[in-house]
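Data block below; observations after.
The values are calculated or read from the model by the stated rules, or taken from the named source; none is laboratory data. Here the structure is a predicted model, which means the values were calculated and not measured. All Cβ positions, even for glycine, are placed from backbone atoms using ideal geometry, and neighbour counts span all protein chains on display. Protein only, heavy atoms only, side chains kept; ligands, DNA and RNA dropped before computing areas. Shrake-Rupley method; radii C 1.70, N 1.55, O 1.52, S 1.80 Å.
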Amino acid sequence: MLPADVPAPRPGEVDAGFWAACAAHELCFQRCADCARWQHPPAPLCAGCGSPGLGWERATGPARVYSVTVVHAAAHPSVGSALPYVVGVVEFPDCGGVRLISNIEGPAPAIGDELTLVWERAGDQPVPRFRAARANKGASS
Amino acid sequence: MAAVQACIVGIGQTAYRKRGQHAGETEVSLACAAIRAAADDAGLAVGSIDGLAGFGNDMSGERAYAAALIQQSLGLPMLRHSSFVWTPGGGGACAAVAQAADAVRSGRATYVAVVRALRQVDGERYGQFNPERPFFNFTAPFGAFAPAPLYALQMKRHMHRYGTRAEQLGEVAVAFRAHANRNPLAVMHERSLSLADYLAAPWVAEPYRRFDCCLETDGAAALIVTTAERARDLAQRPAQILSARQGAGGDWGAGPLGSHNMADEHYATGNIGTLGDELFGEAGLKPADVDVAQIYDAFTGMVIMTLEDYGFCARGEGGRFVEGGRLRWPAGDLPTNTAGGHLSEAYIHGLNLAVEAVRQMRGTSTAQVVGAEVAFVASAAALAPTSAMVLAR
């Protein structure tokens, strides 16, 4: 979907666990040990109860398109050859509805379509991207 | 109502130029030029300024020294107030006016200059890749390098939820361009734009096309704030600040630029919480009392959402509200961005919108709303906390 020379993430203290899981091809989100709330993007404290007791839990259930855009302008040279490409907000209803900005293999799906996780690379870092699940109509490529 | 009335007594700006065309200038030199122009406009000796109020997203490095550098360059003998609004980018313009107003009402300062200068050098362009951009790890590796695709995702959801259409976005762009065509200061003064032109322009990030997106401008704008009592000795009719406030709802996090995990009912909004009611309540007015509006337009969809946020129309009705030329001077019910806005005048983080609101209250706009008594100004939607103000003639 995007070339491997797209800018890579630079893991920091708060999100290192997310990227470490990605390196093992596991998509994990933060989850609070005290109130069980899922959250994304990663933060030092739970936005539900304020607890610092956040761990990493593997995402479960479906991934669906919450919103979607087709990008036609290259704001970084690495994506010039990939235009146009699809950026989506991907929602995980069984993980408290957390949402992840990612890419979806074209053509653009409809809001609500179900997606399948695929792993690609940004530099040396495996990153989660998506393609349409088989069941969707009109998104066959 | 506070016992001491604050007002805006001077306005000024540099030439507004396309990015890169203010060679040899710095943001400090541009800010000084705009402040001098505003002081001259007010009939005020620049050395009388004893306060500086700024905003933006750049209080690091040498920019953290800007107040002292501006003071020295302008030869201000004594500075009694310097404030910088704690919000990113264009969310803070009206909040900076509020801080200036508080400073003069309390007596801590007498004449406060509100200023914003922008010079987008390579590597720091708002619309291009920037390795220092916040929330990099969850945006850049996915090709979301700049605000356009991130705000496009928000607007797409608005269209999905409420049926907002491309022609309604286009109406915002075309209306503001027509206003810019009357304004010699506007970067797009000589460039016409029809709805057909709008629809034929290339996509940036769907649903946003080229003319949904603001300009990249180098330049500066400034205002002088003082009390109504001191204003009597100055050159211009003052614009009274009836209300200037900040506000943000509580579940926003970093919003469209860094989260996209806002509650569904708030996702396609500007996240102002109860700011609209508080703003108009303090002013003793309602949205229907507004004669002319200046609304932050980094993207056309922001205008539609802001109209809903502040109660000019119901939630979801913003697209239909702008139809039929409602935002157009002179015949529309709510002439908006009458100098051209960020889409067609200049992108100065909302302070040029405040300058135009003052012109409207003086009666000197190039798209003057006849008999305008009340002006509304909204800073950037979705940048939390945002800010807004109501001015009166």
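Annotations
- Some residue of region B:134-144 being more than 9 Å from chain A (Cβ to nearest Cβ), surrounded by 19 or more Cβ atoms within 10 Å (Cβ to Cβ), outside any helix (DSSP H, G or I) and out of contact with any Cys (no Cβ under 7 Å at 6 or more places or on another chain): no
- Scanning region B:27-50 for residues that are open to solvent by 10 Å² or more (accessible area, probe 1.4 Å) and touching a Gly at 6+ places or on another chain (Cβ under 9 Å) turns up B:33, B:36, B:37, B:40, B:41, B:43, B:44, B:46, B:47.
- Condition check for residue B:168: in a helix (DSSP H, G or I), of a type in the set (S, T, N, Q) and surrounded by 21 or more Cβ atoms within 10 Å (Cβ to Cβ): no
- Of all residues in region B:337-389 being touching a helix residue (DSSP H, G or I) at 6+ places or on another chain (Cβ under 7 Å) and among the β-branched types (Val, Ile, Thr), the one that is surrounded by the most Cβ atoms within 10 Å (Cβ to Cβ): B:338
- Any hit, region B:74-84, residues being within 17 Å of residue B:26 (Cα to Cα) and modelled with pLDDT of 95 or more: yes
- Of everything in region B:306-328 that is crowded, with 24+ Cβ neighbours inside 10 Å, in contact (Cβ under 8 Å) with a residue 40 or more places away in the chain and not hydroxyl-bearing (Ser, Thr, Tyr), the residue that is farthest from residue B:392 (Cα to Cα) is B:319.
- Residue in region B:274-284 that is nearest to residue B:87 (Cα to Cα), counting only those that are surrounded by fewer than 21 Cβ atoms within 10 Å (Cβ to Cβ) and not charged (D, E, K, R): B:274
- Residue count for region B:288-318, restricted to those that are out of contact with any Leu (no Cβ under 9 Å at 6 or more places or on another chain) and more than 16 Å from residue B:268 (Cα to Cα): 2
- Region B:178-230 - residue that is under 24 Å from the mean Cα position of the chain (by Cα), open to solvent by less than 20 Å² (accessible area, probe 1.4 Å) and among the small types (Gly, Ala, Ser) and, of those, nearest to the other protein chains (Cβ to nearest Cβ): B:205
- Positions within region B:5-26 being buried (at least 24 other Cβ atoms within 10 Å of the Cβ) and either outside any strand (DSSP E or B) or without any contact (Cβ under 8 Å) to a residue 40 or more places away in the chain (or both), in sequence order: B:14, B:16
- Among the candidates B:271, B:261, residue that is within 14 Å of chain A (Cβ to nearest Cβ), crowded, with 21+ Cβ neighbours inside 10 Å and among the polar types (S, T, N, Q): B:261
- Selected residue [open to solvent by 40 Å² or more (accessible area, probe 1.4 Å) and in a strand (DSSP E or B)] from A:99, A:121, A:134, A:129: A:121
- Here residue A:34 passes the criteria (1) free of Cβ contacts under 8 Å to residues at least 40 places away in the same chain; (2) among the acidic types (Asp, Glu); (3) touching a helix residue (DSSP H, G or I) at 6+ places or on another chain (Cβ under 8 Å) except the one numbered (3).
- The selection criterion, being in contact with a Pro (Cβ under 6 Å, 6 or more places away or on another chain) and touching a residue at least 24 places away in the same chain (Cβ under 8 Å), holds for residue B:369.
- Pairs linking a residue in region B:107-121 that is free of Cβ contacts under 8 Å to residues at least 60 places away in the same chain and under 14 Å from residue B:78 (Cβ atoms) to a residue that is of a type in the set (A, V, I, L, M, F, W, C) and open to solvent by less than 10 Å² (accessible area, probe 1.4 Å), with Cβ atoms under 7 Å and 6 or more positions apart or on different chains, are B:109/B:103.
- Meets criteria (closer than 19 Å to residue B:219 by Cβ, surrounded by fewer than 24 Cβ atoms within 10 Å (Cβ to Cβ) and among the β-branched types (Val, Ile, Thr)) for residue B:121: yes
- Residue in region A:107-114 that is assigned to a strand (DSSP E or B) and more than 11 Å from chain B (Cβ to nearest Cβ) present: yes
- Residues satisfying the stated conditions in region B:32-49, i.e. more than 24 Å from the chain's Cα centre (by Cα) and touching a residue at least 40 places away in the same chain (Cβ under 8 Å): B:43, B:44, B:48
- Filtered residues of region B:21-34 (kept if among the aliphatic types (A, V, I, L, M) and farther than 11 Å from residue B:11 by Cβ): B:23, B:28, B:30, B:31, B:33
- Members of region B:56-80 found to be outside any helix (DSSP H, G or I) and within 12 Å of residue B:113 (Cα to Cα), listed by number: B:76, B:79, B:80
- Qualifying strands (runs of 3 or more DSSP E) (wholly inside region A:14-92; at least 1 residues being within 12 Å of chain B (Cβ to nearest Cβ) and open to solvent by less than 10 Å² (accessible area, probe 1.4 Å)): A:28-32, A:63-71, A:85-92
- A single entry from B:324, B:270, B:276, B:301 fulfils the requirement of being under 26 Å from residue B:223 (Cβ atoms) and assigned to a helix (DSSP H, G or I): B:276.
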